[in-house]
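Notes follow the structure.
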Amino acid sequence: MRRLHFLFKVVLFVLLVPIHTNGNTLGYNEAFNTNETIAKTEITITYPKNGTEWEAPGLVKLEWTTKNIPANKTIMFYLSKDDMVIQELGIFKNSGYAESIKLEHYLQPSANYRVFGIELFPDDKNNVAKNATPLFTITKKQRQPKPIASEESKTPPTVRETFDGRKLNYVEEMEVHSPNIHINLWDHSRKDGDIVSIYLNGEAIVSKYTLQYHKKKVAISLDPSKPNDLFLYAHNLGKFPPNTVSIEIVDGNNAENVVLNSDLKSCEAVLINVK
C-alpha cells in the first residue's frame, strides 16, 4: 500500500508541475501541444469547365485558383475519361495558368472527360488539396492522309485503296534504311478483347491476334522497289470500339511509333519506303 501511494504522488507531480523550455514555463497541455495549425489548402480548376470543347490532337490550356498554396509549390494535372486516367497533362508551378499542353492523338471523342488537379508535397500530409472539373467534351480532329511522294520522272506507284471491301486510310508515310525490320505491337487502350490482323502488302503477318498489353514482336521483309502498305484489320470491335493498336516500327537503332484505329468498315494504314 505504501508503494502504491508513492507511485501516485510521482504521477501527480508529472501532470501538475510546469515544464520549462528555453526559459519559458509551459503547463502540461502546452508542453505537449506546441505544433502550429497548418492552414487548409484548396485548388479550384476554373478551366476547362462545363461546356468546354477540346479537339485532339491539339494544344490546350489550364486555369486554376488556389488557397494557402505558395507560388513555388507544384500541382499535377491529369485527364480522365469514364473515371479512368487517360493522359498526364503535366506538373506546373502554382501560377494559376498553363498553356500549350499537348492532347495526344489517341484520345477518342467523348463528353465524359474531366481534368483532375492534386497538390504535390503538401506541408500537411493529412490535408492534400485536390479538385476535379465538371464533365466536358473532347472531339476528334480529322486526320488527313499524307500525299504519296514520287519523282515526276517515274510512274507513280499504285497504292492500295481498299481491302476486303474496306477503305484504307493512310495516316503516315515513313522511310527506313533496311528492308529487314521488325515491329512491336500492343493494345493501345484498355484491354477489351480486340481481335485484329496486321497486313503487309496484302499478306497477313499477324493473323486474328487478341491484343495484349505486352509487346508482340514480328520480323518483316519490305519490298525496296515500292511503298509498302502496313494496315490494321479488325475482326471485332471489342467492348470499346474502335480497335486501337500501338505499333513500334524498329529499323536497327531507330524506332518510330504509330497508333492505328480500325472498325468493320475501314482500316488505318501507313506506307513504309526503303531508302
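The numbers here are math on the coordinates, done by the rules we state, and not lab data. The structure presented is a predicted model; accordingly, all values stated were derived computationally and were not measured. In this analysis, Cβ positions are derived from the backbone assuming ideal geometry, glycine residues included, and neighbour counts consider all displayed protein chains.
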Next on the checklist: Just to be sure I follow: if Rg is taken over the C-alpha atoms of segment 112-266 and Rh is the Kirkwood radius over the same atoms, what is Rg/Rh?
Outcome noted: 1.10
Checklist outcome for this item: Length gained, Asn253-Glu63, 0.36 nm per residue minus C-alpha separation, equals 64.3 nm
Checklist entry - Between Glu53 and Thr210, what is the FRET efficiency for a Förster distance of 35 Å, r being their Cβ-Cβ separation, to the nearest 0.05? => result 0.50
Item to check | Exceeding the 23 Å Cα-Cα cut-off - candidates Lys208/Lys239; Lys215/Lys275; Lys81/Lys140 | outcome: Lys215/Lys275
Checklist entry - For segment 42-140, how big is the tail of P(r) above 22 Å, as a whole percent of Cα pairs? => result 25 percent
Next on the checklist: Using amide H atoms built in the peptide plane, which far-off residues or other-chain residues are under 5 Å from Ile69 H to H?
Outcome noted: Glu42
Checklist outcome for this item: Taking a crude spin-label model, label points 7 Å out from Cα along the C-beta direction, the His177 to Asn72 distance in nm is 4.7 nm
